[in-house]
Structures are given as structure tokens and as C-alpha cells.
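Data first, discussion second: the structure below is written as C-alpha cells.
The values are calculated or read from the model by the stated rules, or taken from the named source; none is laboratory data. On a predicted model such as this, the values are computed, not experimentally measured, just so you know. Cβ sites come from the backbone with ideal geometry, for glycine too, and all protein chains shown count toward neighbours. Surface accessibility is based on the protein's heavy atoms, side chains included, excluding ligands, DNA and RNA. Shrake-Rupley method; radii C 1.70, N 1.55, O 1.52, S 1.80 Å.
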Amino acid sequence: MSKLSIIIPCYFEELNINDTYFTIKKEVMDVRTDIDYEIILVDDGSTDNTIIEAKKVQIIDPRVRIVKFSRNFGEFRADVAGMEVATGDVVTVISCDLQDPPELILQMLESWEKGNKVNICVRNQRDEPWIKNFFANTYYKCVRKWVNKDYPNMGFDFFLIDKEIKDKLVAMQEKNSSIYLQLIWLGYNPILIEYRRKNREKGESNWSYRNRVNLFIDTFIVFSKEPIRFISKIGLFIGLIGIIFSLYTIGSYFYGGNLDSLLVIVSLLLVLFSVLMVMVGVVGEYVWRIMHETQKRPLYIIDEIIESSETGEKHENCK
């Protein structure tokens, strides 16, 4: 019998854990009874009652396992932690807010049974505020243009993959990265299933605009060399302007024109210094990431893995 690991990252999701579990149970687990299951709830350092609600669900169903972080490490690392402890032949990752329909797990599972190792649910519409959609769509367009042309038009965070692919993602151990871009980078001809993403019904998303900016920076620094090339192009362009300006100044001098040399010098210095500062900033981003990788710190710290008393003991202070 095949085993499916359902990974659910949770951050301030006390209002959604119970509904998410019962929806998945009804629409997936009760439908495909020929499959063995485990549900892995990863508490990403929540300070509300997320862990309490997770334990309540575990009492109901011993197939529920809980991974508790020592603090908030972010969704990317929560996904990787869930994959690392998963024991299934196939793994799926789904958000805890029910914006993604759990019944699509069955379609992806059927695709996996046909031999497709990577199955992705991609959005074709989003029932969310226009400002959020605007920033999201702009980000995805930039990713497709400058990072990976195969990235889905409206992005994704709901997928099902074979154990082999899961192991490759866990083995990467990249600190400032995106599990979704890593998955597309691996290849394997992913099967795409389109759906309409619903708006969140309970609770508020903790995915702030600051998080979005950090994601944007990490995406282009980690996965693309375009920022360095862009800075080089700016340098060449400014250099060309400087040459033209110099020729104009020399020509004005020889033909008796009236030109304020002090103004010319100050303007050129301001432009050149601004370009240098931007260039140093971009190089600094790369240097910081190199330093971060060489520190060899773990991606996350698991405070404890809580197993049901029917399936195993509680293991504490796991790395």
C-alpha cells in the first residue's frame, strides 16, 4: 500500500487547523481508502493557540504528526522540515488556510500513479484583493522573464511530488531560497493542474509586504545573475554619458562656449557616486548570501516532534 504524506505549514492558524484537517479527511482520506496517510503539521513558531489546536487534531487522528519549531523560520523552511520528517512514498504540500482546494490532491495523486513525479496545481484566477493580485502578478512576470521562463504565470504553492524528488529538495539545504523555484529548476516535466484560488475565510495572512520584498530580493539574488548584468549595463550606459559629456565640455571650451565647469563636475560626481553605491549594494547582497551559506547553520531548529501515543513516543530537541 502506498503512503501519502500531507505537509501543512502553520503560522498563526489556530482558526483553520481543525477545518483544514476535516476537509482533507472528507475530500481525500475518506475517498482513497486504499492509500495510507500521515498528516504533518509544521508549527512555524506561532505564538497563538496553533500548537494547542494541532494537538487536539492529533488526539482525534493518530496519523497526525506535529513538528514544532523553536521560533519562526518562515514557510520555505517549514516546507523543508515537513519533507525531511515525511515517511511517505509521495508527498504533498498544502497551505492551512483552505485557499487551495484539497480535492485536487486526488487528481495529483492519480497523475503520480501514472508515473509523473512532479505534479503542480497552478492558479488561473485569484479571489483576492486587487492590490495583492497586482504585486503577485508583477512578481511572477519578473520571475518568468529574468529567472525561469517555465515558472507558472500566476505562481503556485500547492504540489505533490515523488519521494525521490522530495529527497532532492531536502538535500539542497539552501538557506535563502524558494522551494517552488527549486522544484521548477529540477525539471522532470511537471504536470500542471489549473484552479481558481479562493480568498481566505478565517484569520489573517501573516505574509506581509516586507516578506514579499524579501522574497523578491532572494529570488533574483539566488536564482538569477541578471542583477549583476543590469548593474554592468548601467555602468556602461553612465560611462557612455560621461564620455559624451566630456566631449561636449571639451568642444565648448575650444569653440568659446560659456560652460559652468563647477556644475559639470558636481553633476558627474553625484551620478558616478550614486552608481557606485548601487553597485556596492548589489555586490553586498551576494557577499552576504555567500557568508550565510558558509556559516553552516541549520535551516531550522525543531523544538520537538510530537507523535501520537498510538504511533510512537515524543522526540525532543531534534535538529
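The table that follows gives values for the structure above.
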{"read-out": "Nonlocal amide H pairs with residue 48, under 5 Å, H built at 1.01 Å", "value": "12"}
{"read-out": "Rounded to 5, percent antiparallel among DSSP beta bridges of the stretch 73-202", "value": "55 percent"}
{"read-out": "The stretch 174-190 residues near the modelled residue 150 label - backbone nitrogen below 15 Å, point 7 Å along Cα→Cβ", "value": "180-190"}
{"read-out": "Three-way shape label, the stretch 58-136, alpha-carbon gyration tensor, a/c 1.5", "value": "oblate"}
{"read-out": "Student exercise, the stretch 20-76 dipole from Lys, Arg, Asp, Glu Cβ charges, in Debye to nearest 20", "value": "180 debye"}
{"read-out": "Derived scalar couplings ³J(HN,Hα) [the stretch 65-75; Karplus, 6.51 cos²θ - 1.76 cosθ + 1.60; whole Hz; x for Gly, Pro]", "value": "10, 10, 10, 10, 6, 6, 7, 6, 10, x, 4"}
{"read-out": "Separation of the residue 234 and residue 134 label points, Cα + 7 Å toward Cβ, nm", "value": "2.4 nm"}
{"read-out": "Prolate/oblate/rounded label for the stretch 1-46 (Cα gyration tensor, a/c 1.5)", "value": "oblate"}
{"read-out": "Separation of the residue 283 and residue 202 label points, Cα + 7 Å toward Cβ, nm", "value": "5.3 nm"}
{"read-out": "Probe 1.4 Å - accessible area at residue 103, Å² to nearest ten", "value": "80 Å²"}
{"read-out": "Calculated FRET value between residue 110 and residue 71, using beta carbons and R₀ = 35 Å, to 0.05", "value": "0.35"}
{"read-out": "Cα-based shape type of the stretch 1-155, given that a ≥ b ≥ c are square roots of the gyration tensor eigenvalues and the cut on a/c is 1.5", "value": "oblate"}
{"read-out": "Label-point gap, in nm, between residue 22 and residue 213 - each point 7 angstrom along Cα→Cβ", "value": "4.1 nm"}
{"read-out": "Those residues of the stretch 4-27 whose amide nitrogen sits under 13 Å from the label point placed on residue 56, 7 Å along Cα→Cβ", "value": "13-22"}
